[in-house]
1. Based on the Cβ-Cβ distance from residue B:369 to residue A:46, what FRET efficiency comes out when R0 is 25 Å, to the nearest 0.05?
2. Just need the relative contact order of the range B:54-172 here, percent rounded to a whole number, with Cα pairs under 8 Å and 6+ apart.
3. Counting other beta carbons within 10 Å of each residue's own, what order do B:381, B:59 fall into, fewest first?
4. Between residue B:269 and residue B:160, what FRET efficiency follows from the Cβ-Cβ distance if R0 is 30 Å, with the result rounded to 0.05?
5. Does a label point 7 Å from the Cα of residue A:169, set along Cα-to-beta-carbon, have any residues of the range B:106-121 with amide nitrogen under 20 Å, and which are they?
6. Using +1 on the beta carbon of Lys and Arg, -1 on that of Asp and Glu, and nothing else charged, what's the dipole of the protein assembly as shown about the Cα centre, debye to 20?
7. Going down the list A:153/B:179; A:166/B:179; A:153/B:69, which pairs span over 21 Å between their C-alpha atoms?
8. Let's test this: bin the Cα-Cα distances of the range A:63-214 at 5 Å from zero up to the farthest pair and state each bin's percent.
Amino acid sequence: MNKFIEYFKLYATEVKSVMRNEYRSIFSDPGVMLILIFALIIYSVIYSLVYRPEVLTDVNIAVVDESHTHSSVQLTRAFDWAPNTHVSARPLDMEEAKRMFDAHEIYGIVHIPKDFEEQIMSGRQSAVSVYCDASYFLMYRQVFQDVVATIMKAGAFVELQRLMQKGVNLPQAKAVTQPIIYQSHTLFNPYLGYGTYVMPPIMLLIIQQTALIAIGMIGGTWREYNLYRSIIPKGRDRLSSIPVVAGKAITYVLIYATTIAYIFGVHYRLFNYPTNGNVADCVAVIIPYLLSCIFMGITISTIFSKRESSLMWLLWISIPSILISGCSLPKETIPHWLYTIGQVLPSSDALPAYIRVQTMGASFNDVVPEVSRLWIKVFIYGATALISMDILLHRNFATKLEKRLLQTRIKLKKDLENIIRRRNKYAARVETTEEPKREVRRLTIDKSIFRRHKDKQIENNSEK
Amino acid sequence: MTLVEKIGIVFKVLSRENSRIVHSVRYTCCLVVLPIISFLFFAVILSKGVPSDLPIAVLDEDHSGLSMKLVDMIDSTPTPECRYFVYDMNEAIDLMHKGKIYAIVQIPLGFQKNILGNKPAHVETYNSGANISANGLISKDIQTVVTSFSVGIQLQILQKQGLTAAQAMAQAMPVRFVKHVLFNPYINYGYYLAPCFMPLMLVMFSVILTIFAIGSELKYGTAPEWLALAKGSCRLALAGKLLMITLIMSILSVIMYFILFVNIGVPMNGNIFVLFISTILLILAYQAIAVFVIALTCNMRLALSVGGGYSVLAFTFSGLTFPIMAMDFPMQVMSCIFPFTHFMKIFVDQAIRGVSVSHSIDEIIYLLLFQLLVVFVLGRLRKVCTDKRYWGKI
């Protein structure tokens, strides 16, 4: 029992010293502070400002009206009134429209043919051509939806008028023109805002990305400056891995707790992101996510021997990890094997689970599979962190031993050189005094160090 | 100094740099291995292009022939797949919360009866807005189905009234629209994302490597050796140092375009030569920015953090996902400080739209302007490289 308490005390002092040094390395290093603390805030603010308008409205389109009739003018006006499109130009022909299109002045063209009204009046069908730019995704969707909806509405109106001219009463005419009333409800993100869609997963991903890079930076620094060795408590050969991992993890959890509190307490309110989830449920997702990110970071950090290595190796994975989580591309699009590989990242579980809880208002029960996988990752990465840290510390310890060994070796070598020198000296003297050489030859290098004593005796003798 | 001598010096610096590249695992990997891995990743993940068969739930309260027909029609469209048939709304919402479906189609009781009785019938969809890309594709498909279903019913009613098929069609849809989707007719996802992500990888690695190449000289105090080899000419020293990175990144960009245009199938309608030149200009522009950052901070790791962060930001401001014209004015202005934004405009114009080169000239000039940043910091770089106080900074 006493031994246990002793160990506990030792561990506590080690945790404290690791944490102290961890804080010192973080806060004395602007590069690490930038990534570990400010990146989450800076990126969240910049991205949110970029996506603040949420939706694209009033996209400029051109209407080429060759009909110049009452109905065509009415249709043009309807395009202008539609929420997402704005008729900014009425070029005379398609050539001009195409030129404006190439110059990025307009993003869609509607062509109303010459016989537009004629066809409608005579009860035939009239064709309107729509040219949409699909090189920008959001642009295409807005323009196309609005233009098509407007045309359909205009068509239905013409049909209604025709029927009523025939003497059909209004409700009946309505039922004929619109046999199915289609209503589409968009849940959770009613205006299909782009920021509402991408910001929650991005903010969560930044946590993982910055944790991996920053922990790797600190780990690299510690190795580069041999901090793992210099904070070994007195009377011990090396640090124990448990207090090192624990001390580091506690430090990072505390730092991230602060920045995450800003994100969910302030940032979410500033930019009005959906908070449909129960706070406790969100926390239940974020805790295992943060822990697994940190443990994964500690595991990886033991590999880096230089402080800049982690950024060089890990910077590029930010976009792949958001893609592979299935939050931007639907996960059905991702090849299955790749999706499975992606499961090594904590973000692959946490991002979808978090979006479902926070944006869609799902309860904890709905995300149990993801959360349990996250806890499994916490334990796996916790174990790998301990093991790799143990290997690292052991290697450090081993090099220390090696150094000692080397020092003794150097000492021995010096002794050896001394002995040989003396031997030569002695041999020279022997030659001059013409003593038998047999004794001299027996002094071989290998055994000479063990004969140091004897040698001295010989030397003494000779001096006598 | 004659030109030949200058070239000789550049070659000396270049060969020194080459041995540095070969002797550093990080350097080699970031230069060749990681970019290729990232390209392959995007090639694989975007290979499917259009998302298809996204699961949705159907709440069919009518259970009639017509409602089943409508469900069949929805199922046969490319994007949605009616995978779950549920009995009440709570069950459907539960499925959505569990992340199993993207949308719910509700066909209320009396659907068939109303249609046959010449009364308006209802169809409602509940589409999750949490993923707007899936939402857009699913709602487009369902809307198309419901519209054509509705037109089909109108045609039948009108034909019953004695109209011919053509007359009925003209009556049901007096205004028809002919859809021309320009440049990306399949609305392929890969076409939007791949051209954005893959050059971004080139950019990221160019920035990191340039900062590392110069920063490591400062960190380990080998900068004077480097300058001495270039006979004290900062310009030649820089050229020799960065030439290899530019060269390899340009070769990688050829591989990238091969994957983009051949494997993923992004349309190439314009001038590939202009595109290639602007890719090299893009790499050079980011290298110039990297030199600028390292010369100002003279601290490799801070420079790496700043440069890395800056290069990642470029994606958001590129405008390919969220258009620049929709951003607030200050953000629109900010988007100009990223060479990547200008490059994406050239890419869209040259590769996808295929407009004449004259439309891309001003963007190319913007890319060239970024190279001037190097000129501003040459003096500072020389000072940093010769003054011991700036070395060994962590």
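1. Values: r = 23 Å, r/R0 = 0.91.
Given R0 = 25 Å and the Cβ-Cβ separation, E is 0.65.
2. Working: 159 pairs, mean separation 32.9, N = 119.
Across the range B:54-172, relative contact order equals 28 percent.
3. The order, fewest Cβ neighbours first, is B:59, B:381.
4. Numbers: r = 48 Å, r/R0 = 1.62.
Computed FRET efficiency for residue B:269 and residue B:160: 0.05.
5. B:114-121
6. Around 5900 debye, computed over the protein assembly as shown.
7. Cα-Cα > 21 Å for A:166/B:179; A:153/B:69; rest within.
8. 1, 8, 13, 15, 15, 13, 10, 8, 6, 4, 3, 2, 1, 1, 0, 0
Readers should treat all values here as calculations from the given coordinates under stated rules, not as data from a laboratory. None of the values given here were measured: they were computed from a predicted structure. Note that each Cβ is placed from the backbone with ideal geometry, even for glycine, and that neighbours are counted across all protein chains shown.
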